[in-house]
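Below you'll find the structure, written out as structure tokens, and then a few comments.
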Amino acid sequence: MTEALSTAGLRDSSQSTPVTFDATDPALLADPYPFFADLREREPVAFTEHGFWVVTRHEDVRSVIIDKRNFGQGDFVKNIQLFYGPDFDVLAQPGYRWLSEVFVYQDPPQHTRIRGLVTQALTARRVRAMRPDVEAITHRLLDRVIADGRMEFIHDFAYQLPTLVMCDMLGIREEEMAPGLLERLNQAIADSFLVFEMRALPEAELTLANEQILFLESFFGDVLAERRSKPGDDLATGLLNAREGDSQLTEREIITVAIGLFGAGFETTAHMLGNGLLAFSRNPAEWKKLVENPDLAPSAVEEVLRHESSLVATYRTAFHDTPLGDKLVRGGERVFALLAAGNRDPEVFPDPNRFDIERQGEHHLTFGGGIHYCVGAQLARLEGDVAFRALAERMPSLAADAGRPQWRPGFMFRGLEHLPVTW
């Protein structure tokens, strides 16, 4: 009786007029925020023509991502077949097989076990101790270009910083790398992480994603073998040693985790830096604030993450019929939680389209929430703090060509292809 009352008057997918949601639309990729605002106003919980729900209000997005009782990852194979069809052999694809094993895409108890072991290795203490190394890497990158008065910020700095930091954490020193390895790793992440997209990948993209994930698995397998024979004070050794009772991470699990952490650093932190510099160039008064007071760097990081989320969305599956807003999500249906839309909800963030590095109040949703809250959030914040502080102090006249930003393909991770800067 209680359940009947709680769902009375709610419309399910069969009673909803599907909305058009094309994650490949160039206009949406160039500027998704007007679309998000329109959808939030018209139908904040909307069923799409592709067979999944989209939510745009902060309250609804947050409720989905923190609710482990009603929402989770569900049946991975069925979730991917939603886009490809029921005959698509999901786990025969190396890219999707890897994704199915990432703990972020698993439900308890497997998620709980792996995440617990990962956090034993990626401790807050380890991250705090990384600050001098992050500062050294940051200033080394700036030393290489500062006399030139210009650089291509994305490839010369934003991509390199989080990649070098993660390599350092894994015990891989830059001076030991083969020529071009850093660039190949970055490209492999960019190509393989397209499996996160909420769409069927064209054959060429899927083939490339599969090839690149196999390269990454081989690379990190070699790193793991090296650390097994020569342990050190690094994250790879920490993952090898993490245990809870009789449970340890398997070799396959460590490789999967290493790719995930490495890729998350690239896809989110690198984009955060590029998106932040773009926002500062469009709002020079905010850059002036940071130059005059570099201690605003931590709050600037939070505003960059809110204003131009590097992770646009995440998704969940309803475990059973669950009310959401004025709709009823049926058990087994997918929900696409638009973090970037929630981050610009005017009900929560006054004047949400304004970039304000001194903004106070409610927190952004970019790192997710609940049991799937980003395990690398503290590291991303540290890298952003160090990077923006160093840029403001060493390049106070820094300005970017913000006229026609070139956004990378893909909807889930929002970042720039190029961003020329001068100082």
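The values are calculated or read from the model by the stated rules, or taken from the named source; none is laboratory data. Keep in mind that what you see is a predicted model, and the values were worked out from it rather than measured. Using ideal geometry, Cβ is built from the backbone for each residue, glycine included, and neighbour counts are taken over all protein chains shown. Keep in mind that these areas ignore ligands, DNA and RNA; they rest on the heavy atoms of the full protein, side chains included. Shrake-Rupley method; radii C 1.70, N 1.55, O 1.52, S 1.80 Å.
Using the structure shown, decide if Val118 is among the β-branched types (Val, Ile, Thr) and under 24 Å from the mean Cα position of the chain (by Cα). So that I can check it myself, show each step before the final result.
Values: among the β-branched types (Val, Ile, Thr): yes; under 24 Å from the mean Cα position of the chain (by Cα): yes.
Yes.
Which residues, taken from the range 144-163, are open to solvent by 10 Å² or more (accessible area, probe 1.4 Å) and within 21 Å of Leu181 (Cα to Cα)?
Passing the criteria: Arg144, Val145, Met151, Glu152, His155, Asp156, Tyr159, Gln160.
Kindly establish whether Ala188 is of a type in the set (A, V, I, L, M, F, W, C) and within 18 Å of Met412 (Cα to Cα).
Details: of a type in the set (A, V, I, L, M, F, W, C): yes; within 18 Å of Met412 (Cα to Cα): yes.
So Ala188 passes the test.
I want to confirm something. Restricting to the range 179-206 and keeping residues that are over 21 Å from the mean Cα position of the chain (by Cα) and open to solvent by 60 Å² or more (accessible area, probe 1.4 Å), which single residue is modelled with the lowest pLDDT?
Going through the range 179-206, the residues over 21 Å from the mean Cα position of the chain (by Cα) turn out to be 179-181, 202-204.
Subsequent filtering for residues that are open to solvent by 60 Å² or more (accessible area, probe 1.4 Å) retains 179, 202-204.
Details: Pro179: 85, Pro202: 95, Glu203: 96, Ala204: 97.
Only one residue fits best here, namely Pro179.
Answer yes or no as to whether Asp385 is acidic (Asp, Glu), outside any loop (DSSP other than H, G, I, E, B) and open to solvent by 40 Å² or more (accessible area, probe 1.4 Å). First the steps, then the outcome.
Numbers: acidic (Asp, Glu): yes; outside any loop (DSSP other than H, G, I, E, B): yes; open to solvent by 40 Å² or more (accessible area, probe 1.4 Å): no.
In short, no.
Among the residues of the range 322-340, what is the count of those that are open to solvent by 20 Å² or more (accessible area, probe 1.4 Å) and part of a loop (DSSP other than H, G, I, E, B)?
Residues of the range 322-340 open to solvent by 20 Å² or more (accessible area, probe 1.4 Å): 323, 325-326, 330-333.
Of the ones still in play, those that are also part of a loop (DSSP other than H, G, I, E, B) are 325-326, 330-333.
The total comes to 6.
Quick check: is even one residue across the range 68-76 over 28 Å from Leu194 (Cβ atoms) and modelled with pLDDT of 90 or more? Give the steps one after another, and end with the answer.
Residues of the range 68-76 over 28 Å from Leu194 (Cβ atoms): 69-70.
This time we only want the ones that are modelled with pLDDT of 90 or more, so: 69-70.
Yes, the conditions are met somewhere in the range 68-76.
Inside the range 413-423, can you point out the residues that are surrounded by fewer than 20 Cβ atoms within 10 Å (Cβ to Cβ) and under 25 Å from the mean Cα position of the chain (by Cα)? Walk me through how you get there before you give the answer.
Filtering the range 413-423 down to residues surrounded by fewer than 20 Cβ atoms within 10 Å (Cβ to Cβ) leaves 417-418, 420, 422-423.
If the condition is that a residue be surrounded by fewer than 20 Cβ atoms within 10 Å (Cβ to Cβ) and under 25 Å from the mean Cα position of the chain (by Cα), then Glu417, His418, Pro420 are the ones that fit.
Yes or no: the range 293-312 includes at least one residue that is open to solvent by 50 Å² or more (accessible area, probe 1.4 Å) and under 24 Å from Leu419 (Cα atoms). Spell out the reasoning first.
Applying the first criterion (open to solvent by 50 Å² or more (accessible area, probe 1.4 Å)) to the range 293-312 yields 293, 295, 298.
After this cut, where a residue has to be under 24 Å from Leu419 (Cα atoms) as well, the list is 298.
Yes - at least one qualifying residue is present in the range 293-312.
Would you mind telling me which numbered condition in (1) surrounded by 15 or more Cβ atoms within 10 Å (Cβ to Cβ); (2) part of a helix (DSSP H, G or I) Ala27 fails?
The failed condition is (1).
Checking Thr17 against (1) β-branched (Val, Ile, Thr); (2) assigned to a helix (DSSP H, G or I); (3) open to solvent by 10 Å² or more (accessible area, probe 1.4 Å), which test does it fail?
(2)
Yes/no per residue for (1) of a type in the set (Gly, Ala, Ser); (2) within 24 Å of Leu240 (Cβ to Cβ); (3) surrounded by 13 or more Cβ atoms within 10 Å (Cβ to Cβ):
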{"site": "Phe76", "(1), (2), (3)": "no, no, yes"}
{"site": "Leu82", "(1), (2), (3)": "no, no, yes"}
{"site": "Tyr96", "(1), (2), (3)": "no, no, yes"}
{"site": "Val102", "(1), (2), (3)": "no, yes, yes"}
{"site": "Ala121", "(1), (2), (3)": "yes, yes, yes"}
{"site": "Arg126", "(1), (2), (3)": "no, yes, yes"}
{"site": "Ala129", "(1), (2), (3)": "yes, yes, no"}
{"site": "Val134", "(1), (2), (3)": "no, yes, yes"}
{"site": "His139", "(1), (2), (3)": "no, no, yes"}
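Please count how many residues of the range 172-219 are farther than 23 Å from Gln160 by Cβ, in contact (Cβ under 8 Å) with a residue 24 or more places away in the chain and in a loop (DSSP other than H, G, I, E, B).
Adding up the residues that qualify gives 4.
Just a yes or no: is a residue in the range 396-407 within 30 Å of Arg125 (Cβ to Cβ) and either open to solvent by 10 Å² or more (accessible area, probe 1.4 Å) or among the polar types (S, T, N, Q) (or both)? If you could, list the steps in order and put the result at the bottom.
First, the residues of the range 396-407 that are within 30 Å of Arg125 (Cβ to Cβ): none.
Among the residues of the range 396-407, not one is within 30 Å of Arg125 (Cβ to Cβ) and either open to solvent by 10 Å² or more (accessible area, probe 1.4 Å) or among the polar types (S, T, N, Q) (or both), which makes the answer no.
Just wondering, is there one or more residues in the range 341-354 that are farther than 29 Å from Val195 by Cα, at pLDDT below 95 and surrounded by fewer than 19 Cβ atoms within 10 Å (Cβ to Cβ)?
No: zero hits.
Show the residue pairs that are 6+ apart or on different chains and have beta-carbon atoms under 6 Å apart, the first residue being within the range 360-378 and open to solvent by 20 Å² or more (accessible area, probe 1.4 Å), the second being β-branched (Val, Ile, Thr) and part of a loop (DSSP other than H, G, I, E, B).
Cβ pairs passing all conditions: Glu362/Val348.
Select from the range 112-160 the residues that are touching a helix residue (DSSP H, G or I) at 6+ places or on another chain (Cβ under 8 Å), in a helix (DSSP H, G or I) and of a type in the set (Ser, Thr, Tyr) and list them in ascending order.
Selection gives Thr112, Thr138.
Given the criteria at pLDDT 90 or above and open to solvent by less than 20 Å² (accessible area, probe 1.4 Å), does Gly221 qualify? Outline the logic, then answer.
On the way: at pLDDT 90 or above: yes; open to solvent by less than 20 Å² (accessible area, probe 1.4 Å): yes.
When the stated conditions are applied, Gly221 passes them.
Within the range 49-67, can you find the residues that are open to solvent by less than 30 Å² (accessible area, probe 1.4 Å) and modelled with pLDDT under 95?
Keep residues of the range 49-67 that are open to solvent by less than 30 Å² (accessible area, probe 1.4 Å), which gives 51-56, 58, 60-61, 64-65.
Listed by number, the residues that qualify are Gly51, Phe52.
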